[in-house]
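**Q** First, the structure itself, so that you have it in front of you.
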Amino acid sequence: MKKSQYTKEYLFAFKQTIPILLGYIFLGIAFGLMLQDAGYNFVWAFFMSIFVYAGSMQFMLVTLLAGAQSLMNTFVMTLFINGRHLFYGLSFIEKFREMGKAFPYMAFSLTDETYSVLCSLKVPEGLNEKKISFLISLFDHIYWITGSVLGALIGQWLSFDSTGVDFSMTALFVVIVVNQWLENKKHFSTLTGFLTALLALALLGPDSFLLPALACSTILLIVFRKQADDKPREEEKAKA
Amino acid sequence: MTHSILIIAVSALTTMAIRFFPFLVFGKRKVPEIVQYLGRVLPCAIMATLVVYCLKGVTLFSGNHGLPELIAVALVVVLHLWKKNTLLSIGTGTIAYMLLVQVIFV
């Protein structure tokens, strides 16, 4: 029996998302455990994963919630951590607009991982690319929600000593830094961020160093652009 | 409770605004050069800063002197340079850290 078009499209979309399935379930569980540990149950995990849907930011939100941080701090932190998403949409402006009703959801659900899958997507002849793109975004979202709810439930049902589980957030950021280090020729930006943060921590203390550190790093990167930028500027390229 | 919901709402709305921004603003206009540049270099600085943020509670001069954190971070870095498997690095690092703080450095 021949597989229907419908089944083929679902299967193709699912296959593209298998690496994300593993990643999101696992990281989602880590997030859910951490959230439960901070006193917020699976209902919170469910709604946070539906509406915020941003891995690193949700980890950071656990810390912000636990410390009852101000809304202004939350706003600025979100800008810094998710600011990079500004650049993901740029690659898909035309493509998403053509998707009609699905457009708002496609823009909303463009996480790091979904972006990377959609960027490398090559749809075989005869299958509907728009539908497959939508399914990929939707599947990834469902994995993340499932993982985080599962993590919160595990934390609630199994009473094991979860001290230290919050290290998963540290490990996630360390892995991202290592990946960035391997990908880039220049390490000025990574070092600027690291040293500025250490200095700010020493001067201002653990509760209020983060935003000043990020602001200083941004200014330093603008001032020392020659040292930091991997790509030469347009005008210098023209001269060369 | 209300404050917690507000924190999540602010974060959700800000994230949505960021993700919709390029579609609303840069549809036809060219992205400013300085914005493109910051888009290339800022993520590295932010992630390095966040590592420091995660470790801000470490006490270097008392308690465990930051040894569990140092060992676990080193393990994550070495494992990731070796295997380049994100889940393996995070999973092993987290379990190692939990063992370190629960069993070894009590």
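**Q** Between the stretch A:20-61 and the stretch B:1-76, what is the separation of their alpha carbon centroids in Å?
**A** 16 Å
**Q** Can you give the charge dipole size of the stretch B:1-77 about its Cα centre, rounded to the nearest 20 debye, using +1 on the beta carbon of Lys and Arg and -1 on the beta carbon of Asp and Glu?
**A** About 440 debye.
**Q** Based on other C-beta atoms within 10 Å, arrange A:Ile154, B:Ile7, B:Ile104 from fewest to most.
**A** Details: A:Ile154 16, B:Ile7 22, B:Ile104 12.
The most exposed by this proxy come first: B:Ile104, A:Ile154, B:Ile7.
**Q** Now for a separate question. Along the charge dipole of the protein assembly as shown, pointing to its positive end and built from +1/-1 on Cβ of Lys, Arg, Asp and Glu, which listed residue (B:Val41, A:Met34, A:Leu71) has its Cα farthest out?
**A** Looking along the dipole axis, the top candidate is B:Val41.
**Q** First measure r as the distance between the Cβ atoms of A:Ser120 and B:Glu33, then evaluate 1/(1 + (r/R0)^6) with R0 = 25 Å and state the FRET efficiency to the nearest 0.05.
**A** 0.40
**Q** Would you mind computing the Rg to Rh ratio of the stretch B:1-79 from its alpha-carbon coordinates, Kirkwood style for Rh?
**A** Ratio of gyration radius to Kirkwood radius for the stretch B:1-79: 1.16.
**Q** Could you check which residue among B:Pro32, B:Pro68, B:Pro22 shows the biggest mean-square fluctuation in a GNM of chain B with a 10 Å Cα cutoff?
**A** B:Pro22
**Q** Based on the Kirkwood radius over alpha-carbon pairs, what is the Stokes-Einstein translational diffusion coefficient of the stretch A:5-163 at 37 °C with 0.692 mPa s viscosity, in µm²/s?
**A** So the translational diffusion coefficient is about 197 µm²/s.
**Q** Enumerate the helices in chain A for which the Kyte-Doolittle hydropathy averages 0.0 or more and the C-alpha atoms extend at least 18 Å along the helix's axis, using complete DSSP H runs.
**A** Long hydrophobic helices here: A:18-37, A:129-157, A:167-183, A:188-204, A:210-223.
**Q** Once Rh for the protein assembly as shown is found with the Kirkwood sum over Cα pairs, what is the Stokes-Einstein diffusion coefficient at 4 °C and 1.567 mPa s, in µm²/s?
**A** Answer from the Stokes-Einstein relation: 61 µm²/s.
**Q** Then there's this: Pull up the cross-link candidates among the lysines for A:Lys3, meaning alpha carbon to alpha carbon under 22 Å and not fewer than 8 places away within one chain.
**A** Leaving aside lysines fewer than 8 places away in the same chain, those within reach of A:Lys3 are A:Lys15, A:Lys122, A:Lys130, A:Lys131.
**Q** Report the calculated FRET efficiency for A:Tyr10 and A:Ala38 (r = Cβ-Cβ distance, R0 = 41 Å), to the nearest 0.05.
**A** The formula returns an efficiency of 0.65 here.
**Q** What is the angle, in °, between the Cα long axis of helix B:67-83 and the longest principal axis of the Cα atoms in chain B? Nearest 10 is fine, range 0 to 90.
**A** Value to nearest ten degrees: 60.
**Q** Rounded to whole Å, give me the distance from the Cα center of the stretch A:183-198 to that of the stretch A:105-155.
**A** If we compute the Cα centre of each part, the gap is 31 Å.
Each reported figure results from applying straightforward, stated rules to the coordinates on display, with no laboratory input. Everything quoted here is computed from the prediction, not taken from an experiment. Quick reminder, even Gly has a Cβ in these numbers, built from the backbone with ideal geometry, and neighbours come from all protein chains shown.
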